[in-house]
1. For residues in the range 35-58 being over 18 Å from the mean Cα position of the chain (by Cα) and of a type in the set (S, T, N, Q), which is nearest to the ligand (Cβ to nearest atom)?
2. Of all residues in the range 22-34, which are crowded, with 20+ Cβ neighbours inside 10 Å and either within 14 Å of the ligand (Cβ to nearest atom) or without any contact (Cβ under 8 Å) to a residue 40 or more places away in the chain (or both)?
3. Does the range 15-26 contain any residue that is part of a loop (DSSP other than H, G, I, E, B), at pLDDT 95 or above and under 30 Å from residue 154 (Cβ atoms)?
4. Of 69, 77, 64, 58, which residue is of a type in the set (D, E, K, R), in contact with a helix residue (DSSP H, G or I) (Cβ under 7 Å, 6 or more places away or on another chain) and within 18 Å of residue 93 (Cβ to Cβ)?
5. Do you know which residues across the range 60-95 are within 16 Å of the ligand (Cβ to nearest atom) and either charged (D, E, K, R) or open to solvent by less than 60 Å² (accessible area, probe 1.4 Å) (or both)?
6. Within the range 96-113, how many residues are within 16 Å of the ligand (Cβ to nearest atom) and assigned to a loop (DSSP other than H, G, I, E, B)?
7. Considering only residues that are of a type in the set (Asp, Glu) and part of a loop (DSSP other than H, G, I, E, B), look in the range 118-174 and name the one that is modelled with the lowest pLDDT.
Amino acid sequence: MKNLVILISGRGSNMEAIVRACANEAWPARIAAVIANRPDAAGLAFAASHGIATGVVDHRQYPDRASFDTALAQAIDNHAPDLVVLAGFMRVLTEGFVQRYSGRMLNIHPSLLPSFPGLKTHEKAIEAGCRVHGATVHFVTPTLDHGPIVMQSAVPVRTGDDAAALAARVLATEHVIYPRAVRWFVEGRLALDGERVTLTPPEAQWLFVDEASVEENAKTGAQAVKAGASTHAGEGA
Ligand code: GRF
């Protein structure tokens, strides 16, 4: 059994997708704890109601990043994690913290990295005139929103999209790719080869959501994406 610790800052919908997949697919893993940097993070209630230990390390109680990161690492290490999962965790982490969990910390970022690191990714994609946008699951390295890519999802950008519409389209795919990537880690199938990630045995490391799926999702919600109804996935490259 692998121990997972999930860090959140707010809503926690990616955390929720991982918790559900872990249970439904009987991963050889347990969610040891969900830790937030804000006491009002909505996702804490979901975790607690599923019998998961929760914790808060409030960044506002610490004078600087280093002392916050030290306290956060202590809270994490109490649960002896094999993997730390950043799921909408909105704090920039110090290099020391990142090194401590090197090769065992994943993040999801709502863009097709290396495009659009940082905040407001959906606005930036629309402003740049992108026709395709998406999300990336990656190992965390000291450079913000950078690191070996485990899986990516791509969705169309439609004429007239605003940031909220595009964010919702991307988020539905996040709930597919993040649990999948975490599961691969738990199963010991991921290896790092410099900047690249290899998956053994190979499997789709990308998810494409085409126009037909978008139409379907508009009618039925994210479930169509989750079920892979008319999405396309395949081996990378
Ligand atoms: C997601 O879009 C994630 O990619 C980004 O922040 C958002 C978090 O949403 N890092 P949630 O808290 O998982 O619902």
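The values are calculated or read from the model by the stated rules, or taken from the named source; none is laboratory data. The structure displayed is predicted, hence computed values, not measured ones. No Cβ is skipped: glycine too gets one built from the backbone with ideal geometry, and neighbour counts run over all protein chains shown. The protein model used for the area step is the full one, side chains on, heavy atoms only, and it has no ligands, DNA or RNA in it. Shrake-Rupley method; radii C 1.70, N 1.55, O 1.52, S 1.80 Å.
1. So, considering only residues that are over 18 Å from the mean Cα position of the chain (by Cα) and of a type in the set (S, T, N, Q), the one nearest to the ligand (Cβ to nearest atom) is 54.
2. Residues satisfying the conditions are 31, 34.
3. Within the range 15-26, one or more residues are part of a loop (DSSP other than H, G, I, E, B), at pLDDT 95 or above and under 30 Å from residue 154 (Cβ atoms).
4. Every option except 69 fails the conditions.
5. Within the range 60-95, 84, 85, 86, 87, 88, 89, 91, 93 meet the criteria.
6. Here the count works out to 4.
7. The selected residue is 145.
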